[in-house]
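The values are calculated or read from the model by the stated rules, or taken from the named source; none is laboratory data. Nothing here was measured: the structure is a model prediction, and the numbers come from that model. So basically every Cβ, Gly included, is an ideal-geometry build from the backbone, and we count neighbours across all protein chains shown. Keep in mind that these areas ignore ligands, DNA and RNA; they rest on the heavy atoms of the full protein, side chains included. Shrake-Rupley method; radii C 1.70, N 1.55, O 1.52, S 1.80 Å.
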Amino acid sequence: MCAMARPRKPLLSTDRIVATARVLVDAEGLAAVSTRRLAAELGVSGPSLYNHFRTKDEILEAVADSVSAQVDLSMFEDGRDWRTSLHDWAVSYRAALRDHPNIVPVLARGPGRRPAGLRLADAVYGAMVEAGWPPAQATSIGALMRYFVMGSALGSFAGGFVDDASAYDPADYPHLGQAHLLAEQQEKIDERAFETGLTALLDGLVQQYEQVRRTA
């Protein structure tokens, strides 16, 4: 009688390491990632990770790039005008960061050598230059959009208020009588604030664009 074959462990791969590290970052933050912890989660020995990544920082960089890869860039290729493209890209960008807020500090360092991050920067800059923005202003637009989107993903405005009405004594805070209600409407308020800010930002860019075109 033939002995039953033992189930094979899934092969260790870069993608498995990154996916596992991303789950850890999402659940517990950047400090949760270590080669020892990852090895335990993956069911492998610690040294085997070094065949794929030399350091924890390299792993976190790869996790950050995997999040950048989730951002939709199709709007820069399908004929949408530059304002619509920026709007739709910003919405997709924020959605990716909102799903993985703990990795934002790593992303905030800039793309470095990360492929997906560089493709993102290239797509935005290229689209703005092709639309007629001077290169220097196209660079500024990419920067300011990144500041705006990342800032919106770092925390919730509405979620920062406690739901205890007694915390807002009208003698001290005469205009915060309803502040204790903000937390329960956190998602709606934060989404509305993001859209308000994004619309104002893009409308301002449209005015600058018209000046650029007049002087070109």
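A few remarks follow.
- Approximate spin-label separation Leu176-Asn51, in nm, with each point projected 7 Å along Cα-to-Cβ: 5.6
- The fraction of accessible area contributed by carbon and sulfur in the chain is 54 percent, rounded to a whole number (1.4 Å probe; ligands and nucleic acids excluded).
- Helix axis angle, 56-68 relative to the chain longest principal axis, alpha carbon, degrees: 50
- Selection of GluC sites (Glu not before Pro), the range 31-77, meeting DSSP coil and at most 15 other Cβ within 10 Å: Glu77
- In the range 107-151, trypsin sites (Lys or Arg not before Pro) in a DSSP loop with at most 15 other beta-carbon atoms within 10 Å: Arg109, Arg113
- Using a Förster distance of 35 Å, the FRET efficiency for Ser13-Asp78 (Cβ separation, nearest 0.05): 0.60
- Efficiency of FRET between Ala143 and Lys188 - r from beta-carbon atoms, R0 45 angstrom, step 0.05: 0.95
- Taking Ser140, Ser34, Ser166 as the candidate residues, the one with maximal mean-square fluctuation in a Gaussian network model of the chain, Cα springs under 10 Å, is Ser166.
- The phi-based Karplus calculation (6.51 cos²θ - 1.76 cosθ + 1.60; θ = phi - 60°) puts the 3J(HN,Hα) values of the range 201-216 at 4, 5, 4, x, 5, 4, 4, 5, 5, 4, 5, 4, 5, 5, 8, 5 Hz, whole numbers, x for Gly and Pro.
- Note, ³J(HN,Hα) from phi for the range 174-189, Karplus 6.51, -1.76, 1.60, rounded to Hz, x at Gly and Pro: x, 10, 10, x, 10, 4, 5, 8, 5, 4, 6, 10, 3, 4, 4, 5
- For the chain, the per residue solvent-accessible surface stands at 60 Å², with DNA, RNA and ligands left out and a 1.4 Å probe.
- Derived scalar couplings ³J(HN,Hα) [the range 128-134; Karplus, 6.51 cos²θ - 1.76 cosθ + 1.60; whole Hz; x for Gly, Pro]: 5, 5, 5, 6, x, 6, x
- Two-site label geometry, Ser34 and Val129: point separation in nm, points 7 Å out along Cα→Cβ: 4.5
- Normalising by residue count, the chain has a Cα convex hull of 200 Å³ per residue.
- Pair-distance distribution of the range 41-81: all C-alpha pairs, bin width 5 Å, starting at 0; shares per bin in whole percent are 5, 18, 16, 17, 12, 9, 7, 7, 6, 3, 0.
- Taking the C-alpha atoms only, the angle from helix 82-99 to the longest principal axis of the chain is near 40 degrees.
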